[in-house]
Each structure stands twice: as structure tokens, then as C-alpha cells.
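Here is the structure we will look at.
The values are calculated or read from the model by the stated rules, or taken from the named source; none is laboratory data. Remember, predicted model here, so these are calculated numbers, not experimental data. So basically every Cβ, Gly included, is an ideal-geometry build from the backbone, and we count neighbours across all protein chains shown. Remember, those area values only see protein heavy atoms, side chains included, never the ligands or the DNA or RNA. Shrake-Rupley method; radii C 1.70, N 1.55, O 1.52, S 1.80 Å.
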Amino acid sequence: MGTNEPREKRLELLPPALLATIMTKLDVGSICCAASTCTAFRTCASQILSFLPTFHLLDIAPSVDLLRPLLQPPNPYLKSLKIDCDRLNDSAIKLLLRPPLHELCLHNCAGFSGKLLSEIGRRCPDLRSLCLGSVAEKRGQTIDISDLKDLLCGCTQLEALILMFDVSFDAQVWALASEKLTYLEIDYIPSETVIEMVSPNLGPHQSPNHVRPSILSNIQKLCLSVDHITDTMVGTISRGLVSLTHLDLSDAPLTEPEIALDLTNYGLQQLNQYGKLRRLSLVRRQEFIVTYFRRVNDLGVLFMADKCAKMESICLGGFCRVTDTGFKTILHSCSRLHKLQVSLGTQLTDLVFHDISATSLSLIHVSLIFCNLLTNRAVMNLVSNKDLRILDLRNCKNLGDEALRAISTLPQLKTLLLDGSDISDVGLTYLRPGVIGSLVRLSIRGCRRLTDKCISALFDGSCRMKLRELDLSNIPNLSDYGILLLARSRVPFSELRMQFCPLVGDTAVMALASMQVYEDRWHGSSLRLLDLYECGGITQLAFRWLKKPYFPRLRWLGVRGSVNRDLVDALARNRPYLHVECHGGKLGANRWDCSDGSHVLDYDEAYDYEEVDELEQWLLEGEIEHDDEEMGDAENNAEPME
């Protein structure tokens with residue numbers, strides 16, 4: 001084969017079977033990227049999409065017209081389908097639902113009606129795992145109980161069911177659920193309905209003395225968000241679900257609960273009646289009012305710990321009357337514990353961790369959020385667990401530089417969240433070169449003592465970094481100069497958040513757009529998420545640098561759209577697969593993708609970067625070059641941005 005022969009011609013000489021074998025190892029996004037590079041890959045991609053067993057496309061929200069060429073070929077081998085349905089509605093049902101499917105995950109389904117549930121029951125009888133998000137949340141869309149009945153009646157093989165929307169229906173409908181169901185997660189369901197669902201005597205009695213087992217008696221993992229966590233509900237779940245190993249309950253009361261609608265020490269005493277529970281999460285969220293589990297104290301935790309010696313993960317949120325005695329009991333009683341999460345632990349102090357080194361614990365994940373009595377001493381004792389991989393200390397405002405010095409001794413740390421702490425630029429230097437080289441995610445959001453010097457403190461080029469997610473939001477003294485230093489570091493970030501930074505502006509955007517992670521690859525190519533919401537120096541100039549070909553991998557962008565909506569709308573039309581958030585909402589897709597990612601190709605290592613996104617090029621069939629005149633008109637007509 002001649003060396004001067006065009007690369008595409010040489011690829012066409014490779015056996016099609018070889019190309020197909022390679023491509024079947026890739027995820028859908030990577031296949032589309034490869035398909036955009038040459039005719040040989042494009043032909044091969046079209047063929048393998050007709051027998052690919054998995055189709056996962058969560059990075060973008062395709063329209064039905066763009067999804068049709070990818071799913072239209074009959075594929076009897078398709079077993080797993082995951083789609084972001086933000087641009088889809090009921091018209092896509094026939095395209096999405098296939099009888100061979102075993103796993104179906106449809107996220108952001110606000111445009112669908114309850115018909116989606118009904119049709120899944122009719123068209124996908126072999127489903128083992130189903131996840132649906134935000135169904136019928138758009139105005140005018142509804143879900144009827146008959147839709148849920150059709151789903152449960154039709155999917156008789158279901159083992160896992162995740163419904164991330166309001167499921168306020170009569171409990172009797174759950175009598176239709178698959179006997180094989182072992183995992184159930186619901187975004188909202190009334191506590192009274194839960195009690196009826198898992199009550200041992202639900203259903204018609206054959207005789208006055210006859211008691212039926214719970215209709216969900218095979219459930220092993222139960223995750224529910226309810227209106228009130230109560231003693232009655234906890235007790236009924238503990239008695240009715242004999243195989244339960246995972247229990248995750250959260251509530252957000254609208255008013256302060258009365259005793260009949262609250263959790264007390266008695267409720268904790270009823271946990272784990274069959275001794276199989278390994279993971280427990282009880283959280284009271286403060287979405288509507290400031291409220292806590294005020295009727296639980298150390299005695300209740302002592303009761304719980306007595307029955308939970310084999311617990312591996314415990315998450316407690318809002319237990320304001322539990323003191324060091326209760327939390328210390330958990331650490332000394334649960335020898336198998338590897339994950340501990342406490343939020344709003346208003347009486348949790350350093351004494352809890354005073355003698356943690358004397359225990360046999362090997363903690364991997366520790367979260368202590370809004371525990372304002374903790375000081376550096378707690379962290380200094382906690383780091384005796386050298387296997388820590390996740391350390392979440394958000395809003396522990398008394399933690400300072402000495403805590404960072406202690407954290408620097410953790411060789412396997414991957415995630416470090418220090419939001420709102422009292423750390424300084426000098427303190428951050430303690431993280432290098434050891435810990436900063438292992439970190440994948442770092443958040444120093446709201447650490448108000450930090451300045452531009454924090455960037456040079458972290459990124460001095462002394463080690464190769466794995467850091468991919470960085471949150472610099474709400475740092476008032478961070479300016480464009482700091483972001484220039486960040487760009488010069490050439491760290492291949494995938495997510496960068498800078499909300500509420502008044503001194504960050506156009507220069508920062510230009511620096512990031514021009515950032516060259518690798519010598520031979522396109523500028524600004526690694527960022528997939530950029531949050532600039534309420535950055536004080538952003539003007540219409542920055543929007544020119546947010547257009548193509550800059551930031552070719554960008555999928556999520558946060559900006560303030562209230563000042564000049566025309567620019568934001570024009571940008572959205574210029575980049576149709578960019579999700580633009582204008583109200584400061586949460587960005588990113590991590591919460592949706594529950595796969596382990598083992599099959600996903602690393603874009604940074606596998607492909608040379610071009611001036612366009614290859615995935616969009618595949619989907620748009622060469623129509624990605626939008627007319628820049630529209631953006632120019634918006635800029636010309638724009639009012640000066642504040």
C-alpha cells in the first residue's frame with residue numbers, strides 16, 4: 001500500500017468485518033464521530049447501527065427527524081436504549097419503543113403525555129429495567145392511572161423501575177407490578193400511598209384471618225421521595241419488605257410536621273427487622289421551610305445502631321438533636337461502614353472523630369455538609385482513613401488551611417468539595433503535588449478569601465493532572481487574569497463553573513476559547529460544560545467566542561439571558577445541540593447517566609479535534625454551518641449588557 005495514497009482510500013481497503021468489529025466496541029456518540037471522518041467509516045457506521053445491542057445518546061437532545069436515521073433501520077438485536085428526550089414528544093413513541101428492549105432510559109420526557117407509559121406496556125413486554133424522567137411535566141400534558149396500569153400489566157419481566165416524576169395514584173395499582181421487581185425508585189409519592197403499597201394486608205381477603213404478603217415483597221432496593229417520613233411508614237416498610245437491603249427515603253414538608261406525621265425514636269427502632277439492610281438514607285430537605293427531624297435524638301440512633309451493625313452506608317440529613325454521642329455510636333458499632341454522609345448536623349463536633357483511628361473502619365466516602373461546628377481538628381483525625389476517595393465538606397465554614405494540609409496526605413482522593421470554607425490561596429498549595437495529581441473533581445465555590453493566586457497555587461505544572469471538573473463559582477476576587485492562568489495550564493477540563501464571579505468577563509471567555517490543551521488539537525476543545533451565569537464582565541463580545549468553531553465539544557452553557565435574550569436565542573440557533581441555561585439552574589448530564597461508562601471511548605485520546613463537532617456533523621448531514629449573519633444581526637441590535 002503506497003504511503004502517498006490518500007488516507008481515506010487506504011481505509012476503504014481494510015476488510016469491512018475488521019472495521020465493524022472495532023466500531024461495535026464504541027458507544028453511539030463515538031461511532032457518529034468516526035462516521036463523519038470518511039466514507040469508509042460512514043458506510044460501516046450505517047451498517048452496524050442495524051445490529052448494535054446498545055444505543056446510548058445522552059450528550060445531546062436530538063429531534064425526531066435527526067433521531068430517525070439512527071434508529072429507523074430495523075434492529076432485532078437492540079437491548080438497551082438511553083435517550084435525552086428534551087426535544088421529543090408522543091410522535092416519537094413508535095420510533096423509540098421496540099419489543100426486544102431489555103433496558104429503556106428516557107430522560108427529560110416533559111413533552112410526552114401519559115401515553116408513553118401505556119405504549120411501553122404494550123410494545124416492550126421483555127423490559128427488565130425502565131427509567132423515565134419528567135414525564136408530562138409540560139403544560140397540557142397529563143398522566144392517568146390507566147397509563148400506569150398498562151405499563152405495569154404489560155411489563156411483566158421488570159426488575160428495576162425508576163419513575164422520576166409525581167406518582168400520586170391509588171396504591172392498588174401497584175398490585176399489578178411484576179413479581180420480579182427488586183428495585184423501585186419514585187421521585188414523589190405520598191407517604192400514605194407507600195404505607196398501603198407495602199402493607200402486608202393489601203388486597204382482598206379470602207377469609208377474615210387471611211393476610212396477604214406485601215405486593216412488593218421482593219423489593220431489595222427502595223428509593224422514595226415523600227411528603228412526610230413517619231414512624232408508620234418506616235415500620236410498615238421494615239415489616240413488609242423482607243428482602244430489603246437498600247432504603248433511601250427523603251421528604252420536604254410544607255409545614256412543620258405534627259407527631260403523627262413525623263419520624264421519632266420509635267421509627268428508628270423499627271428499622272432492619274430482618275437484618276438484611278446494608279444501605280440506609282434518611283434525609284429531610286429544606287426546600288420549602290427550615291425543618292428538621294426534631295423528635296429524634298441520641299436514643300433513637302442508639303436503637304438504630306444496635307440493629308445495623310452490618311451497615312455499609314449511612315446517610316442522615318436534618319437530625320438536629322443528634323449529638324456526638326449518637327454519631328460516635330454509628331462509627332463504633334458499624335464496623336463495615338465505608339460511606340458516611342451527614343448533612344445539617346447542627347450538633348456534630350470534632351469529638352466524633354477524636355478516636356476514629358482506633359476503630360477498624362475503612363471509610364471511602366465521607367460527606368459532612370452544613371456541619372458548622374467542625375474545625376480543622378476533625379479533618380486531621382478523619383484522614384487516618386487513607387483509602388478516602390470522596391471527601392465532601394461543603395459549607396463547613398470553620399475549616400481552613402490546616403484542614404488542607406491534612407487532606408494532602410490522602411493518596412487516593414478523587415473528589416474534594418470545599419464550598420464555603422475559610423481556606424486561602426496559600427492553603428491550596430498544600431494540595432500539590434500529591435493530592436492535586438489524583439483529583440478528578442474539585443469545588444472551591446464560595447471560598448471568599450481566594451484570589452487569582454489560587455489558580456497558580458493549584459496549577460503550577462509540577463505534575464500531570466487528572467482533574468476534569470472544577471467549580472470556581474462565587475469567588476468575588478477571581479478575575480479574568482486568574483482564568484488566563486487557568487488557560488495557560490492546559491489542564492483538559494470537561495466542566496468549568498464560574499457562577500457569580502463579578503470580575504470575570506469577555507477576556508476569560510476568549511482565553512478559554514483559545515486554550516490549546518494539546519499542540520495538535522483544536523483550541524478550547526475539552527470543555528463540555530461552561531457556566532458563566534452572573535459573571536459581571538460578560539458582554540455581547542463574549543457571545544462571538546461562544547459560536548462555532550470555538551468550544552466544539554460544548555454541550556451545556558450557563559449565561560444570564562434576561563439582559564438581552566436575542567443574543568441567547570441566536571446562539572441557541574447557531575448551536576442547536578447546546579443546552580443553554582439562563583436562570584442559574586443545574587447543568588450537566590451526570591445525574592442521568594447511571595452506566596459505569598466502561599464502554600465509552602475517551603474522546604480526548606481517540607480523536608483529533610476538528611473545527612466542528614463530529615457528532616453534530618453526522619446528525620445534521622453537513623448542515624451544521626449555520627449562517628453567522630443571524631448572530632451578527634443579534635449583536636448589532638443588542639443593547640449593551642451590564
Residue among Ile407, Ile423, Ile436 that alone is over 26 Å from Ala309 (Cβ atoms), open to solvent by less than 30 Å² (accessible area, probe 1.4 Å), at pLDDT below 95 and not hydroxyl-bearing (Ser, Thr, Tyr): Ile436
Any hit, the stretch 347-356, residues being farther than 19 Å from Gly235 by Cα, in contact with a strand residue (DSSP E or B) (Cβ under 7 Å, 6 or more places away or on another chain) and of a type in the set (A, V, I, L, M, F, W, C): yes
Selection status of Leu428, aliphatic (A, V, I, L, M), in contact with a helix residue (DSSP H, G or I) (Cβ under 8 Å, 6 or more places away or on another chain) and assigned to a loop (DSSP other than H, G, I, E, B): no
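Would you mention how many residues in the stretch 229-255 are in contact with a strand residue (DSSP E or B) (Cβ under 6 Å, 6 or more places away or on another chain) and open to solvent by less than 30 Å² (accessible area, probe 1.4 Å)?
Let us first name the residues in the stretch 229-255 that are in contact with a strand residue (DSSP E or B) (Cβ under 6 Å, 6 or more places away or on another chain), namely 229, 246-251.
In the following step, the residues that additionally are open to solvent by less than 30 Å² (accessible area, probe 1.4 Å) were identified as 229, 247, 249-251.
Matching residues across the stretch 229-255 total 5.
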Residues of the stretch 94-105 classified as crowded, with 18+ Cβ neighbours inside 10 Å and farther than 17 Å from Tyr183 by Cβ, total: 4
Single unsatisfied condition, Ser335 versus (1) over 28 Å from the mean Cα position of the chain (by Cα); (2) in a helix (DSSP H, G or I); (3) under 24 Å from Lys414 (Cα atoms); (4) not basic (Lys, Arg): (2)
Matching strands (runs of 3 or more DSSP E) fully within the stretch 107-204 where at least 3 residues are surrounded by fewer than 20 Cβ atoms within 10 Å (Cβ to Cβ): 160-166, 183-188
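Please enumerate the residues belonging to the stretch 287-312 that are open to solvent by 10 Å² or more (accessible area, probe 1.4 Å) and within 17 Å of Val352 (Cα to Cα).
Taking the stretch 287-312 and keeping what is open to solvent by 10 Å² or more (accessible area, probe 1.4 Å), we get 287-290, 292, 294-295, 297-299, 302-303, 306-307, 309-310, 312.
Across the stretch 287-312, the qualifying residues are Asn297, Asp298, Leu299, Leu302.
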Test: residue in the stretch 256-270 that is at pLDDT 95 or above, surrounded by 16 or more Cβ atoms within 10 Å (Cβ to Cβ) and in contact with a strand residue (DSSP E or B) (Cβ under 6 Å, 6 or more places away or on another chain): no
Failed criterion for Lys82 (all others in (1) under 20 Å from Asp187 (Cβ atoms); (2) touching a helix residue (DSSP H, G or I) at 6+ places or on another chain (Cβ under 7 Å) hold): (2)
Within the stretch 43-55, tally of residues that are touching a residue at least 60 places away in the same chain (Cβ under 8 Å) and open to solvent by 70 Å² or more (accessible area, probe 1.4 Å): 0
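I'm trying to understand the selection: among the residues of the stretch 480-512, which are of a type in the set (Phe, Trp, Tyr) and either closer than 22 Å to Asp460 by Cβ or open to solvent by less than 10 Å² (accessible area, probe 1.4 Å) (or both)?
At the first step, the residues of the stretch 480-512 found to be of a type in the set (Phe, Trp, Tyr) are 481, 493, 500.
Once the filter is applied, which keeps residues that are of a type in the set (Phe, Trp, Tyr) and either closer than 22 Å to Asp460 by Cβ or open to solvent by less than 10 Å² (accessible area, probe 1.4 Å) (or both), the stretch 480-512 yields Tyr481, Phe493.
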Residues being open to solvent by 10 Å² or more (accessible area, probe 1.4 Å) and farther than 17 Å from Val559 by Cα - total across the stretch 468-478: 4
Top-ranked residue of the stretch 317-341 - restricted to ones that are over 19 Å from Leu388 (Cβ atoms) and in contact with a strand residue (DSSP E or B) (Cβ under 7 Å, 6 or more places away or on another chain), ranked as surrounded by the most Cβ atoms within 10 Å (Cβ to Cβ): Gly318
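What helices (runs of 4 or more DSSP H) lie completely within the stretch 522-621 and have 3 or more residues being touching a Gly at 6+ places or on another chain (Cβ under 7 Å) and modelled with pLDDT of 80 or more? Full working, then the answer.
Values: elements: 540-545, 565-574, 603-606, 614-620.
By residue number, no helices (runs of 4 or more DSSP H) qualify.
Considering the stretch 349-377 alone, what residues qualify as being among the hydrophobic types (A, V, I, L, M, F, W, C) and either closer than 17 Å to Thr325 by Cα or touching a helix residue (DSSP H, G or I) at 6+ places or on another chain (Cβ under 6 Å) (or both)?
Within the stretch 349-377, the first condition is being among the hydrophobic types (A, V, I, L, M, F, W, C), and the residues that meet it are 351-353, 356, 358, 361, 363-364, 366, 368-371, 373-374.
Across the stretch 349-377, the qualifying residues are Leu351, Val352, Phe353, Ile356, Ala358, Leu368, Cys371, Leu373, Leu374.
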Filter result (more than 30 Å from Val580 (Cα to Cα) and open to solvent by less than 10 Å² (accessible area, probe 1.4 Å)) within the stretch 56-78: Leu78
